[in-house]
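A.B. asks: Have a look at this one.
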Amino acid sequence: MAIRVIVVGMGPRGQEWLREIGKNPDYELAACVDTDPAVLKQASSRGVSPRKCFTDLRETLQQNKCDAVIVATSAGDHVEPCELALTHGLGVLVEKPFTLRLSEAVKLVSLAEQKGAPLLVAQNYRYMRSFRTVRRLISEGAVGRVGMVVCNYYRVPQSMSVSLARLNNSALWGAGIHHLDALRHILNKRVTGVLAESFSAPWGKLPRGGSMQLMLSFEDETRALYSATYESSGHQFFEQGQEFYIRFVGEHATLHVFQRWLMLCENGKLPRIVRRGPRKISEERILLDQLKRAVLSGEIPASSGLDNLQTMATVEACLLSAAERTWVNPQELLDDQQ
């Protein structure tokens with residue numbers, strides 16, 4: 001029997017989830033929710049029955065049977081629908097960022113555990129083919145022990161969601177949180193120290209934090225340098241106006257990732273291109289499969305809310321470090337929440 005799901009938030013990501021659900025025989029759309037009637041009308045014009053469109057999640061849950069809720073609202077509006085769905089014992093898949101505060105994320109994870117309800121966070125970058133390939137190569141020992149990671153992300157000024165454009169530290173809440181989650185997933189290590197600077201370019205039009213740079217310490221003496229900006233120039237003709245480059249420096253080899261290309265430079269050997277393999281399923285499909293197994297069999301998902309607390313603690317450490325101009329240990333922030 002198909003899993004009946006409600007999608008909350010009919011913006012761009014909500015629309016993407018509708019398309020994924022429509023293509024997935026394991027799922028059935030029970031209803032969609034948005035507080036803006038005009039947005040709901042637009043969803044209806046794209047094939048969603050008006051009878052399935054609601055402006056209030058509480059009312060929706062009263063009138064519809066469902067097994068799970070996908071929360072794709074703006075970043076600052078994740079907590080209430082997650083809390084309501086979990087209180088009803090429903091599975092939840094929430095878009096990144098999980099929440100805007102670590103304390104809120106901890107409370108939602110605790111509620112999910114009390115209710116025995118699956119809680120997943122859609123950190124889908126970790127499931128991109130490039131990152132999956134990098135994780136496999138590192139886990140197989142192709143580069144040896146990783147000592148240093150250098151990661152740079154550049155994006156030209158763009159039209160972004162109103163909620164993100166209004167936030168301070170948009171580089172962190174937009175791309176940065178994806179990359180930090182992917183890095184710790186690839187390395188399979190916790191972040192133990194963060195030194196951050198959040199700023200805006202002199203020509204920038206975003207609130208403070210349209211650009212940022214970080215120094216990161218991981219377990220086992222791995223170090224990383226990370227920089228990201230939404231205020232770049234000259235990348236207009238790159239895919240989606242962005243450039244991404246990351247280098248993993250290991251004991252036996254250095255692995256370069258540039259956009260979609262991977263190059264492995266091994267000691268004593270000529271550099272070689274590494275294929276990412278075919279894209280059999282989308283990143284969203286991977287997350288839906290995790291949600292399905294969690295709902296039907298109680299399997300603990302790899303992208304669980306509990307796992308994402310490490311990412312949220314790292315993000316909060318970035319914010320504190322930038323404000324206080326000092327090193328911050330995310331693990332101590334998590335300990336303080338106990």
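The values are calculated or read from the model by the stated rules, or taken from the named source; none is laboratory data. Bear in mind that the values here come from a model prediction, so they are computed numbers and not experimental data. Cβ coordinates were reconstructed from backbone atoms using ideal geometry, including for glycine residues, and neighbour counts include every protein chain displayed. When the accessible area is computed, the model is the full protein with side chains, heavy atoms only, and any ligands, DNA or RNA have been set aside. Shrake-Rupley method; radii C 1.70, N 1.55, O 1.52, S 1.80 Å.
A.B. asks: Can you go through Ala313, Ala323, Ala294, Ala317 and tell me which one is within 23 Å of Pro97 (Cα to Cα) and without any contact (Cβ under 8 Å) to a residue 24 or more places away in the chain?
C.D. replies: Ala323
A.B. asks: Quick check on region 40-88: of everything there that is open to solvent by 40 Å² or more (accessible area, probe 1.4 Å) and under 25 Å from Ser297 (Cβ atoms), which residue is nearest to the chain's Cα centre (by Cα)?
C.D. replies: Looking at residues that are open to solvent by 40 Å² or more (accessible area, probe 1.4 Å) and under 25 Å from Ser297 (Cβ atoms), I get Glu83.
A.B. asks: Pairs, please: C-beta under 7 Å, at least 6 apart or cross-chain, first residue without any contact (Cβ under 8 Å) to a residue 12 or more places away in the chain and on the phi < 0 side of the Ramachandran plot and in region 183-194, second surrounded by fewer than 21 Cβ atoms within 10 Å (Cβ to Cβ) and among the small types (Gly, Ala, Ser)?
C.D. replies: That search, which allows pairs on different chains as well, returns nothing.
A.B. asks: Right, here's the next one. Output the number of the condition that Glu95 fails; it satisfies all remaining conditions of (1) at pLDDT below 95; (2) open to solvent by 10 Å² or more (accessible area, probe 1.4 Å); (3) within 16 Å of Ala175 (Cα to Cα).
C.D. replies: The number of the failed condition is (1).
A.B. asks: What number of residues within region 253-285 satisfy the criterion of being free of Cβ contacts under 8 Å to residues at least 12 places away in the same chain, in a loop (DSSP other than H, G, I, E, B) and either closer than 18 Å to His178 by Cβ or of a type in the set (A, V, I, L, M) (or both)?
C.D. replies: Here the count works out to 2.
A.B. asks: Within region 167-184, is even one residue assigned to a helix (DSSP H, G or I), of a type in the set (Ser, Thr, Tyr) and open to solvent by 20 Å² or more (accessible area, probe 1.4 Å)?
C.D. replies: no
A.B. asks: Among all residue pairs at least 6 apart or on different chains, which show Cβ distances below 6 Å where the first residue, located in region 126-142, is among the β-branched types (Val, Ile, Thr) and the second is at pLDDT below 95?
C.D. replies: Partner pairs satisfying both residue conditions: Thr133/Arg276.
Yes/no per residue for (1) over 21 Å from Val5 (Cβ atoms); (2) in contact with a Phe, Trp or Tyr (Cβ under 9 Å, 6 or more places away or on another chain); (3) part of a helix (DSSP H, G or I); (4) open to solvent by less than 20 Å² (accessible area, probe 1.4 Å):
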{"site": "Leu287", "(1), (2), (3), (4)": "no, yes, yes, yes"}
{"site": "Lys292", "(1), (2), (3), (4)": "no, yes, yes, no"}
{"site": "Asp307", "(1), (2), (3), (4)": "yes, no, yes, no"}
{"site": "Leu319", "(1), (2), (3), (4)": "yes, no, yes, no"}
{"site": "Asp335", "(1), (2), (3), (4)": "yes, no, yes, no"}
{"site": "Gln338", "(1), (2), (3), (4)": "yes, no, no, no"}
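A.B. asks: Moving on. Among the candidates Val149, Val143, single out the residue that is assigned to a loop (DSSP other than H, G, I, E, B), open to solvent by less than 20 Å² (accessible area, probe 1.4 Å) and hydrophobic (A, V, I, L, M, F, W, C).
C.D. replies: Going through Val149, Val143 in turn, the sole match is Val143.
Residue-by-condition table, conditions (1) of a type in the set (Gly, Ala, Ser); (2) part of a loop (DSSP other than H, G, I, E, B); (3) at pLDDT below 95; (4) open to solvent by 30 Å² or more (accessible area, probe 1.4 Å):
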residue: Leu108; (1), (2), (3), (4): no, no, no, no
residue: Tyr154; (1), (2), (3), (4): no, no, yes, yes
residue: Leu195; (1), (2), (3), (4): no, no, no, yes
residue: Pro202; (1), (2), (3), (4): no, yes, yes, yes
residue: Leu214; (1), (2), (3), (4): no, no, no, no
residue: Ser217; (1), (2), (3), (4): yes, no, no, no
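A.B. asks: Under 9 Å between Cβ atoms, which residue pairs at least 6 apart in sequence (or on different chains) link something in region 241-252 that is more than 18 Å from Ile138 (Cβ to Cβ) with a partner that is of a type in the set (Val, Ile, Thr) and outside any strand (DSSP E or B)?
C.D. replies: Gly241/Val156; Gln242/Val156
A.B. asks: Going by the conditions given, is Leu93 touching a Ser or Thr at 6+ places or on another chain (Cβ under 9 Å), within 29 Å of Leu319 (Cβ to Cβ), touching a residue at least 40 places away in the same chain (Cβ under 8 Å) and aliphatic (A, V, I, L, M)?
C.D. replies: yes
A.B. asks: Give me the pairs, please: first residue somewhere in region 1-23 and farther than 17 Å from Ala85 by Cβ, second residue anywhere and among the acidic types (Asp, Glu) and assigned to a helix (DSSP H, G or I), beta-carbon distance under 9 Å, and either six or more positions apart or on two chains.
C.D. replies: That search, which allows pairs on different chains as well, returns Glu16/Glu284; Arg19/Glu284; Glu20/Glu284.
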